[in-house]
Amino acid sequence: VLAVGDNKQVSPSQVGLSDERIRSLKTMLPNSKTVSTAEQLLPEHSFFDLFKTSFPKSCALLKEHYRSVPEIIAISNELFYLSKLEPLRLSGGSNAVKDIYLKEGKADKNGDQTEAERIVKMALDKVEASVKEETYQTIGIICLTQEQCKLMKKTLYDSDRIESLIQNHGAEVVDRHKIFIGTAKEFQGHERCVVYLSLVHSPKIGKGKEGKLLKLPIEQGDSWKSWNVALTRARDEMILCRSYRIKDLHISDIRQQILRRI
């Protein structure tokens with residue numbers, strides 16, 4: 001049996017099981033002293049987790065990277081894979097990775113409308129440009145929060161502009177771009193030629209006790225795995241859209257480490 005996976009990306013969900021059901025399953029597990037891999041038998045783990053724990057000396061790193069141009073995969077390669085990946089595509093040039101800072105952007109409990117509108121405009125600009133071109137690119141929009149996903153979908157599909165494109169050129173002109181909006185977890189296993197990342201969070205206005213500017217809370221736990229997924233979905237072009245600056249982040253925050261590599 002050959003198990004292929006990546007433990008540096010988002011783990012599988014618990015397929016809708018309640019905490020009570022998980023606790024019940026744990027009581028049915030064999031003693032961990034008898035079966036060292038007992039914990040990996042739970043639904044929150046995958047076959048890959050089970051195999052990696054059972055056969056730690058039988059793992060091989062698949063170094064060849066075919067999806068992204070070197071400029072895109074370089075960020076994750078350095079941050080998460082110790083620069084061991086070998087990009088096999090030709091360079092995408094200086095425009096392969098773009099970073100857009102929206103000074104006027106502001107996030108609330110419903111997301112960031114400024115980011116949503118900017119990304120939708122860029123995506124529809126690309127769709128419209130493809131009408132005159134013989135080639136087109138698939139488009140993905142990754143939102144770092146579920147609320148932003150809802151806002152992004154509403155902003156896109158309620159747009160008069162997308163209705164105009166469909167009326168003037170036919171639904172197939174939009175459909176062929178396979179526009180997909182989702183969280184990093186929902187993008188697991190997907191790829192698009194062009195990916196827009198909506199980073200969402202904006203800093204609080206004001207100063208802390210020592211007179212220093214307030215910084216965004218550091219992302220905790222395995223959030224870096226979601227970032228790794230988000231940063232590796234694009235094939236040819238990746239555009240980050242954010243409403244916070246590097247100095248709004250703690251030096252140990254994964255977001256600051258990412259932005260410093262762009």
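The values are calculated or read from the model by the stated rules, or taken from the named source; none is laboratory data. These numbers were taken from a predicted model, which means no experiment stands behind them. All Cβ positions, even for glycine, are placed from backbone atoms using ideal geometry, and neighbour counts span all protein chains on display. Areas reflect the complete protein model, heavy atoms only, side chains present, ligands, DNA and RNA absent. Shrake-Rupley method; radii C 1.70, N 1.55, O 1.52, S 1.80 Å.
Just a few scattered comments:
- Amide H contacts of ILE100 (H built 1.01 Å from N, under 5 Å, at least 5 apart or other chain): LEU240, CYS241, ARG242
- Accessible area of ASP112 in the full protein assembly, 1.4 Å probe (Å², nearest 10): 0 Å²
- Debye equation applied to the C-alpha atoms of the range 128-194, log10 I(q)/I(0) at 0.12, 0.25, 0.29 Å⁻¹: -0.34, -1.14, -1.26
- Backbone geometry of the range 40-46 corresponds, through the Karplus equation with coefficients 6.51, -1.76 and 1.60 at θ = phi - 60°, to 3J(HN,Hα) couplings of 6, 7, 6, x, 6, 10, 10 Hz, x marking Gly and Pro.
- For the chain, share of DSSP beta bridges that run antiparallel, in % to the nearest 5: 10 percent
- Pairwise Cα separations in the range 1-116 fall into 5 Å bins from 0 onward with the following percentages, short to long: 2, 8, 12, 12, 12, 13, 12, 12, 9, 5, 2, 0.
- Listed peptides 41-47, 89-95 appear in the order 41-47, 89-95 once ranked by packing, highest mean of other Cβ atoms within 10 Å at the front.
- For the range 96-181, size of Cβ-based charge dipole, Lys and Arg +1, Asp and Glu -1, in debye: 200 debye
- Extension gain, ARG67 back to ARG161 (0.36 nm per residue minus Cα-Cα distance, nm): 30.7 nm
- Surface accessible to a 1.4 Å probe, per residue, for the residues of the chain, Å²: 59 Å²
- All C-alpha pair distances within the range 63-215, sorted into 10 Å bins from zero, spread as 10, 32, 33, 19, 6, 1 percent across the bins.
- Expressed as a whole percent, the accessible surface of the chain that belongs to carbon and sulfur atoms is 51, based on a 1.4 Å probe.
- Residue (of ASN168, GLN9, LEU124) at the positive-pole extreme of the chain, dipole from beta-carbon charges: GLN9
- Helices in the chain, meaning DSSP H runs of at least 4 residues, each add -39500 (n - 2.57). Divided by all residues, the mean residue ellipticity at 222 nm is -10000 deg cm²/dmol.
- ILE218 versus GLU20: modelled label distance in nm, points set 7 Å from Cα along the beta carbon direction: 3.7 nm
- Relative to the longest principal axis of the Cα atoms of the chain, the long axis of helix 113-130 makes an angle of roughly 70 degrees.
- Long-range amide H partners of ILE141 with built H, under 5 Å: PHE180, ILE181, GLY182, TYR196
- Dividing the convex hull volume of the alpha-carbon atoms in the chain by its residue count gives 187 Å³ per residue.
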